[in-house]
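Colleague: One structure is given below, represented as structure tokens, and several questions about it will come after.
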Amino acid sequence: MFLKDLCRGTRENRFVTGLGGGENGGVHAAALRFDLHVPASRSLKAKRAAVRPIVDTLRHRFHVSVAEVDHQDLWQRAAIAVAVVAESDHHLTEVLDTLERFVRSAPDVEVLDTTAAYLEPED
């Protein structure tokens, strides 16, 4: 199941109006967090060897901001967060789905949980 399936019904909260650009004259932005399990890891170095290629590929192939954000001191757990800004809601959803497919297909890690947070309009 991908984000577009998980987030149906909340599309109106995914953009901020009045900032120019985009189909609704708004900014389309989201942050995506992946909680990962690295079952073969027996050290922080081994975990880094499994997680680093994911982070580097996300950054360079998909041109998104990405960082390891939690569990830095645990051998078999990692959490990475990705920030995405797109010109339309449709493109944002496509990029998030692509990122999720990539992380889920990465060798040596299991995705335990995926959470998304969308930039919402200010009242």
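Colleague: For the range 70-123, how many residues meet the condition of being aromatic (Phe, Trp, Tyr) and either over 11 Å from the mean Cα position of the chain (by Cα) or not in a helix (DSSP H, G or I) (or both)?
Modeller: Counting residues in the range 70-123 that are aromatic (Phe, Trp, Tyr) and either over 11 Å from the mean Cα position of the chain (by Cα) or not in a helix (DSSP H, G or I) (or both) gives 2.
Colleague: With under 27 Å from residue 26 (Cβ atoms) and either surrounded by 12 or more Cβ atoms within 10 Å (Cβ to Cβ) or among the aliphatic types (A, V, I, L, M) (or both) as the only criterion, which of 70, 89, 108 stands out?
Modeller: Answer to the selection: 89.
Colleague: Follow-up question, since we're still on this one. Anything in the range 27-63 that is assigned to a loop (DSSP other than H, G, I, E, B), surrounded by fewer than 20 Cβ atoms within 10 Å (Cβ to Cβ) and either in contact (Cβ under 8 Å) with a residue 12 or more places away in the chain or touching a helix residue (DSSP H, G or I) at 6+ places or on another chain (Cβ under 8 Å) (or both)? List them, or say none.
Modeller: 39, 40, 42, 43, 62
Colleague: Kindly establish whether residue 81 is surrounded by 14 or more Cβ atoms within 10 Å (Cβ to Cβ) and more than 26 Å from residue 39 (Cα to Cα). So that I can check it myself, show each step before the final result.
Modeller: Details: surrounded by 14 or more Cβ atoms within 10 Å (Cβ to Cβ): yes; more than 26 Å from residue 39 (Cα to Cα): no.
Judged against the criteria, residue 81 is not a match.
Colleague: Do we have residue 95 as of a type in the set (A, V, I, L, M) and either touching a residue at least 40 places away in the same chain (Cβ under 8 Å) or touching a Cys at 6+ places or on another chain (Cβ under 8 Å) (or both) here?
Modeller: no
Colleague: Considering (1) under 17 Å from residue 35 (Cβ atoms); (2) modelled with pLDDT under 90, say which one residue 87 fails and leave the rest.
Modeller: Result: residue 87 passes all but (1).
The values are calculated or read from the model by the stated rules, or taken from the named source; none is laboratory data. What you see is a predicted model, and the numbers here were worked out from it, not measured in a lab. Every residue, glycine as well, gets a Cβ built from its backbone with ideal geometry; the counts of neighbours run over all protein chains shown.
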